[in-house]
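None of the figures in this text is laboratory data; all of them are computed from the coordinates on show. From a predicted model like this one, the values you see are computed outputs, not experimental measurements. FYI the Cβ positions are ideal-geometry reconstructions off the backbone, even for glycines, and counts take in every protein chain you see.
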């Protein structure tokens, strides 16, 4: 078991402030950082990565890549080299692969192992052990991997014996999930022939883009109204490429929402990824009346990025359609905080996927709102927040359930609420945003 959260909880409070100001570059994107390590492992030669998110989740993936045979070295802040072994060159790790809290890293690496003639065991912390893995294990079994052991309900700890010659399959994902799609595609790299993944709702497409960037043959065509059909030709020669990791929209969301709800604020967020499958929060905040100006759109590392100027805004409640969920699934907690300060009702539809994140995120958000006097309701899989028109009471203590996004979201709330907001533990913030406290303090936040 991971000891990432061993020891005593460390509460943290955020107090109301007069304004936020300054320029910030939040950490590199977590999704791209995980995949940079994994594709470095699967390429023959040296991959250079800059702007890597050096949070605990990504470092766990790096450690797993090392255990499978890669030589990985940190050469400076956010700068890493990965000397890979190529497709088919993996070795069985000597130890259990401990992913801590990293849901993405563990699931993607299950795909890598499932498509190779190696045996590996996967485990993590108490939170990761609660998360469903069967949705990954089922397609891997169809490809020929053997699930040698698993905890009840297809959960970690899990041991997988990968397939020496994986079967190419056609697989329709049961939910819109980049993790399921990516696990199948990563396993399919070592399969002869073509593997097809069909999505009814398009999920984030970083794996397809990065596979193409490294030289794999990936074709993507529309499927139905909102879906995609992804076809990968197996056994490509992946060639190392330099990767510049863009800023993570899920991390940038926290200073962005803070600047919107704290009066008299103006900040610039540098180099945020503008991939259309990742900016549902930006779309929603603009519908609410947010003053967010795009500066200097450009391409870095195969992804579009832009600097964003954000000014405090009068927000109004909106209806957020369910089909937007895949493009902002990690941002709903901080959107709920923005909605708490909006005028009128915000309804966020179709949030069933939030129930199987690091915590039951839907319930955790509702409980946090309740603790801080925000009028809200859960109806089925919808979250309804009735905003205070620029005011929120605050004064509560929020149970984070070891969930970094719950902790950061409610610290943002405290920056603008009438009374301080306390989270019961801030230690897990390091999994995705180790510099969160200093970065926010540099803009003017008051955490203690």
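For the reader, a short list of remarks on this structure follows.
- Placing a label point 7 Å from the Cα of residue 235 along the Cα-to-Cβ direction, the residues of region 82-110 whose backbone N falls under 17 Å from that point are 86-90.
- Centre separation in Å (Cα based) which lies between region 329-390 and region 65-138: 33 Å
- Ellipsoid semi-axes in whole angstrom, largest first, where each is sqrt(5λ) of the Cα gyration tensor of region 328-423: 19, 16, 10
- Length available on full extension from residue 117 to residue 286: 0.36 nm per residue minus the Cα-Cα distance, which gives 56.0 nm.
- Residue 441/residue 149 FRET efficiency (R0 56 Å; Cβ-Cβ; nearest 0.05): 0.80
- Each residue in 358, 353 was given a count of other beta-carbon atoms within 10 angstrom of its own, and listing them fewest first yields 353, 358.
- The Kirkwood hydrodynamic radius of region 1-130, based on inverse pair distances between different Cα atoms, is 16.0 Å.
- Angle between the chain longest axis and helix 404-414 axis [Cα atoms, degrees, rounded to 10]: 10 degrees
- Between residue 75 and residue 225, the simple spin-label model (points 7 angstrom out along Cα→Cβ) gives 4.9 nm.
- Translational D in µm²/s for the chain (Stokes-Einstein at 10 °C, 1.306 mPa s, Kirkwood Rh from C-alpha pairs): 72 µm²/s
- Zone residues, region 420-444, relative to residue 8, backbone N less than 14 Å from point 7 Å out along Cα-to-Cβ: 425-426
- Rounded to the nearest 500, the 222 nm mean residue ellipticity of the chain from helices alone is -8500 deg cm²/dmol, with -39,500 (n - 2.57) taken per DSSP H run of at least 4 residues.
- Inter-site label distance for residue 300 and residue 126 at 7 Å from Cα along Cβ, in nm: 3.8 nm
- Protection proxy ranking, highest mean first, for peptides 69-77, 51-59, 9-17: 51-59, 9-17, 69-77, where packing is the per-residue count of other beta-carbon atoms within 10 Å, averaged.
- Computed E for residue 92/residue 448 - FRET, C-beta separation, R0 51 angstrom, nearest 0.05: 0.60
- Label point 7 Å beyond Cα of residue 23 along Cβ direction - residues of region 255-283 with amide nitrogen under 11 Å: 268-271
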